[in-house]
Number of protein chains: 2
Amino acid sequence: MDTRPIGVFDSGLGGLTALRELAALLPGEDLLYFGDTGRVPYGSRGEEVITRYAQEDAAFLLSQGVKAVVCACGTVSSVAGERLRQKTGCPFIEVVTPAAQAAAKATRTGRVGVIATAATIRSGKFPAALRALDPAITILDLACPLFVPLVEDGHIAPDDPIAVPAVEHYLAPLRKKGIDTLILGCTHYPLLAPLIQAFLGEGVTLVSSGREAARAAKGILAEQGLLSSQKAGGSRRYFVTDAGGSFSTVAEVFLGEPVRDVAPVNIGDLERLAL
Amino acid sequence: MDTRPIGVFDSGLGGLTALRELAALLPGEDLLYFGDTGRVPYGSRGEEVITRYAQEDAAFLLSQGVKAVVCACGTVSSVAGERLRQKTGCPFIEVVTPAAQAAAKATRTGRVGVIATAATIRSGKFPAALRALDPAITILDLACPLFVPLVEDGHIAPDDPIAVPAVEHYLAPLRKKGIDTLILGCTHYPLLAPLIQAFLGEGVTLVSSGREAARAAKGILAEQGLLSSQKAGGSRRYFVTDAGGSFSTVAEVFLGEPVRDVAPVNIGDLERLAL
């Protein structure tokens, strides 16, 4: 039994998809969310910059005394996941493996799509994880670079005049080639799930990498005896590197509950932390 | 006479609109460009974060021995322009005043539009500058938050499937209300000028804030006797905080010449600089 909070981090709002699922699965756990809103997006940046930011983010969560780190960012999981796992010194849950497992289980035709940021697609981590589970799976992966800016800017309504053509533009090749399962390999993308589902049709199963990571986290914490005995009323605290943006507003829309306890984190302090 | 380079900075690619104009106006000057590609975009962030980044950016240029700093970023000019002007200790040229002057001169109907990032529009600096020049001008200003991500991701073709609907969505109110002059208050926006002009029609004069800043810079340097005696063959050097992205590719398309001398700047070093 361990009453310390579970830490969840992402470049911005995307990790809330994992937080929401964790809150539903483990309502008694205290959850601490860190969003690097002062430096979002990550997925269009190079490996070196992503790795540097990721280490600072994880170090911040550890400095807050978390018992586990959920890396709810597809880009960080793909580019710096292994490095973070070695360095955190506590249970570390990333999004690639759990999402690949869910997709391999869900597909019937063996044709699985992966959409993610440019950096994630470049890393090849999702296809590698899928092939390790089932070498017969046909994988269609592609980058959707504008999805994160769209989400961060609140363009998530099913009839949004920019998000709808963006979804159509990016996903047309997937619809043409035919898939029955699609991994949303960036945790921001589930905020666009209604638009994605509408374009691809109900026959395609969407796998949320944030949700799968939350499920994996529950399993790992249970296995290691690290769950709290508290069954309800867990607290939620949010830390962001830029409190001047639209984090709270979009977060409330997405989480469906008030986002009250949002504290700013000074990027200068963050940079002095190291794993 | 002064042979030191002129420094130009922006959050990312946008400042190249000023650099291109400077190179045309002052072909003998050495130009040093700094793009904070590791932390772009700025315009969706809060004031505190923008000011912090801006001070580091200007300090970097000064550390390279420039004789003048051209702040080729509408967001920084609006949010932190005065602060930087006081602190740089050398000629400092921002984009708001020169663009407002050009627009006030260009308009015949007195109906001037301003498009810029969310932070720039929030600051009210462009309307204030226009009103100071001519209180009778009617100003229609609005934020176009996705334009910077579109440009940084290379969505600048006249038939781009996402940029075209984005331009239509943002600019429809301006077209409806009628303007004859439009300030592109973010230096990224001239890269979308063909799309903007096509939507608004040839009757609308587009004012590029980067180009106007370059013209102003030439005037100030001449006035202070700081121009080089060299009439051609000036060098261009580029510094970026993330060399892993698409900077060189998009920069070459936009500048119409090879972008060779691109050096990475470590963000950690940048943060240790201060004005």
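The values are calculated or read from the model by the stated rules, or taken from the named source; none is laboratory data. In this text the structure is predicted, and so the values were computed from the model without any measurement. Positions of Cβ are backbone-derived with ideal geometry, glycine not excepted, and every protein chain shown enters the neighbour counts.
Checking A:LEU19 against (1) more than 20 Å from A:SER228 (Cβ to Cβ); (2) under 12 Å from the mean Cα position of the chain (by Cα): exactly one of these is not met. Which one?
In the conditions (1) more than 20 Å from A:SER228 (Cβ to Cβ); (2) under 12 Å from the mean Cα position of the chain (by Cα), A:LEU19 misses (1) alone.
Might you check whether a residue that is within 14 Å of chain B (Cβ to nearest Cβ), touching a residue at least 60 places away in the same chain (Cβ under 8 Å) and within 30 Å of A:GLU252 (Cβ to Cβ) occurs anywhere in segment A:80-90?
From segment A:80-90, those within 14 Å of chain B (Cβ to nearest Cβ) are A:80; that's our starting set.
From what's left, touching a residue at least 60 places away in the same chain (Cβ under 8 Å): none.
No, segment A:80-90 contains no residue that is within 14 Å of chain B (Cβ to nearest Cβ), touching a residue at least 60 places away in the same chain (Cβ under 8 Å) and within 30 Å of A:GLU252 (Cβ to Cβ).
Being surrounded by fewer than 21 Cβ atoms within 10 Å (Cβ to Cβ), farther than 26 Å from B:PRO5 by Cβ and of a type in the set (Gly, Ala, Ser) is the filter here; which residues of segment B:178-220 pass it?
B:GLY178, B:ALA193, B:ALA198, B:GLY201, B:GLY203, listed by residue number.
Listed here are the residues, each with its yes/no results for (1) among the aromatic types (Phe, Trp, Tyr); (2) under 30 Å from A:ALA119 (Cα atoms); (3) at pLDDT 95 or above.
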{"position": "B:ASP159", "(1), (2), (3)": "no, yes, yes"}
{"position": "B:GLN197", "(1), (2), (3)": "no, no, yes"}
{"position": "B:SER208", "(1), (2), (3)": "no, no, yes"}
{"position": "B:LYS218", "(1), (2), (3)": "no, no, yes"}
{"position": "B:LEU227", "(1), (2), (3)": "no, no, yes"}
{"position": "B:GLY234", "(1), (2), (3)": "no, no, yes"}
{"position": "B:LEU255", "(1), (2), (3)": "no, yes, no"}
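Given the conditions (1) more than 14 Å from chain A (Cβ to nearest Cβ); (2) of a type outside the set (Gly, Ala, Ser); (3) under 22 Å from B:PRO258 (Cβ atoms), and given that B:CYS71 satisfies all but one, which numbered condition is not satisfied?
(3)
Scanning for something outside the structural domain of B:ASP134 (by TED's automatic domain parsing), closer than 23 Å to B:PHE147 by Cβ, in contact with a Ser or Thr (Cβ under 7 Å, 6 or more places away or on another chain) and surrounded by 24 or more Cβ atoms within 10 Å (Cβ to Cβ), does segment B:57-71 turn up at least one residue?
yes
Please determine whether any residue of segment A:135-151 is out of contact with any strand residue (DSSP E or B) (no Cβ under 9 Å at 6 or more places or on another chain), modelled with pLDDT of 95 or more, over 25 Å from A:PHE34 (Cα atoms) and assigned by TED's automatic domain parsing to the domain that holds A:ALA103.
Yes, that holds for at least one residue.
Within segment A:240-261, how many residues are within 14 Å of chain B (Cβ to nearest Cβ) and either buried (at least 16 other Cβ atoms within 10 Å of the Cβ) or under 15 Å from A:ASP57 (Cβ atoms) (or both)?
Counting residues in segment A:240-261 that are within 14 Å of chain B (Cβ to nearest Cβ) and either buried (at least 16 other Cβ atoms within 10 Å of the Cβ) or under 15 Å from A:ASP57 (Cβ atoms) (or both) gives 9.
Given (1) in contact with a Leu (Cβ under 6 Å, 6 or more places away or on another chain); (2) more than 21 Å from B:SER44 (Cβ to Cβ), where does A:ALA163 come up short, assuming only one miss?
Result: A:ALA163 passes all but (2).
Among the candidates A:GLY7, A:GLY35, A:GLY46, A:GLY28, which residue alone is under 18 Å from A:GLY154 (Cβ atoms) and small (Gly, Ala, Ser)?
None of the others qualify; the one that does is A:GLY35.
Cβ-Cβ below 6 Å, separation at least six or inter-chain, first residue in segment B:1-27 and assigned to a helix (DSSP H, G or I), second aromatic (Phe, Trp, Tyr): which pairs?
B:LEU16/B:PHE254; B:LEU19/B:TYR33
Just to be sure, is A:LEU142 hydrophobic (A, V, I, L, M, F, W, C), in a strand (DSSP E or B) and either touching a residue at least 24 places away in the same chain (Cβ under 8 Å) or within 14 Å of chain B (Cβ to nearest Cβ) (or both)?
Taking the combined requirement at face value, the residue satisfies it.
Away from chain A (no Cβ under 14 Å) and assigned to a loop (DSSP other than H, G, I, E, B), is that true of B:LEU226?
yes
Listed here are the residues, each with its yes/no results for (1) within 17 Å of the chain's Cα centre (by Cα); (2) closer than 28 Å to B:GLN224 by Cβ; (3) of a type in the set (Ser, Thr, Tyr).
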| residue | (1), (2), (3) |
| --- | --- |
| B:THR88 | no, yes, yes |
| B:ILE93 | yes, yes, no |
| B:VAL96 | yes, yes, no |
| B:GLN101 | yes, yes, no |
| B:ALA104 | no, yes, no |
| B:ARG108 | no, no, no |
| B:ALA116 | yes, no, no |
| B:ALA132 | no, yes, no |
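Of all residues being of a type in the set (A, V, I, L, M, F, W, C) and modelled with pLDDT of 95 or more in segment B:1-15, which is nearest to B:GLY234 (Cα to Cα)? Just the residue, please.
B:ILE6
So is A:ARG175 without any contact (Cβ under 8 Å) to a residue 60 or more places away in the chain, basic (Lys, Arg) and either in contact with a Leu (Cβ under 9 Å, 6 or more places away or on another chain) or surrounded by 21 or more Cβ atoms within 10 Å (Cβ to Cβ) (or both) or not?
yes
Of the numbered conditions (1) within 17 Å of B:ASP10 (Cβ to Cβ); (2) part of a helix (DSSP H, G or I), B:LYS87 satisfies every one except a single condition; which is it?
(1)
This table checks each residue for (1) within 13 Å of another protein chain (Cβ to nearest Cβ); (2) in a loop (DSSP other than H, G, I, E, B); (3) in contact with a His (Cβ under 6 Å, 6 or more places away or on another chain).
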{"site": "A:ARG131", "(1), (2), (3)": "no, no, no"}
{"site": "A:ALA136", "(1), (2), (3)": "no, yes, no"}
{"site": "A:PRO149", "(1), (2), (3)": "yes, no, no"}
{"site": "A:VAL167", "(1), (2), (3)": "yes, no, no"}
{"site": "A:LYS176", "(1), (2), (3)": "no, no, no"}
{"site": "A:ILE179", "(1), (2), (3)": "no, yes, no"}
{"site": "A:GLU202", "(1), (2), (3)": "no, yes, no"}
{"site": "A:LEU206", "(1), (2), (3)": "no, no, no"}
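Could you look through segment B:31-54, keep only residues that are over 16 Å from A:PRO149 (Cα atoms) and charged (D, E, K, R), and pick out the one that is farthest from the other protein chains (Cβ to nearest Cβ)?
B:ASP36
B:TYR53 passes all but one of (1) closer than 19 Å to B:ALA274 by Cα; (2) in contact with a Cys (Cβ under 9 Å, 6 or more places away or on another chain); which number fails?
Going through the list (1) closer than 19 Å to B:ALA274 by Cα; (2) in contact with a Cys (Cβ under 9 Å, 6 or more places away or on another chain), B:TYR53 breaks only (2).
Which of the residues that make up segment A:17-42 are at pLDDT below 95 and either surrounded by fewer than 24 Cβ atoms within 10 Å (Cβ to Cβ) or closer than 11 Å to A:THR187 by Cβ (or both)?
Matches in segment A:17-42: A:THR17 only.
Filtering segment B:262-275 down to residues that are within 23 Å of B:ARG85 (Cα to Cα) and not in a helix (DSSP H, G or I), which residue is nearest to the other protein chains (Cβ to nearest Cβ)?
Per the criteria, the residue is B:ALA274.
Quickly run through segment B:98-129 and pick out the residues that are of a type in the set (Ser, Thr, Tyr), in contact with a strand residue (DSSP E or B) (Cβ under 7 Å, 6 or more places away or on another chain) and within 14 Å of another protein chain (Cβ to nearest Cβ).
Residue satisfying the conditions is B:THR117 alone.
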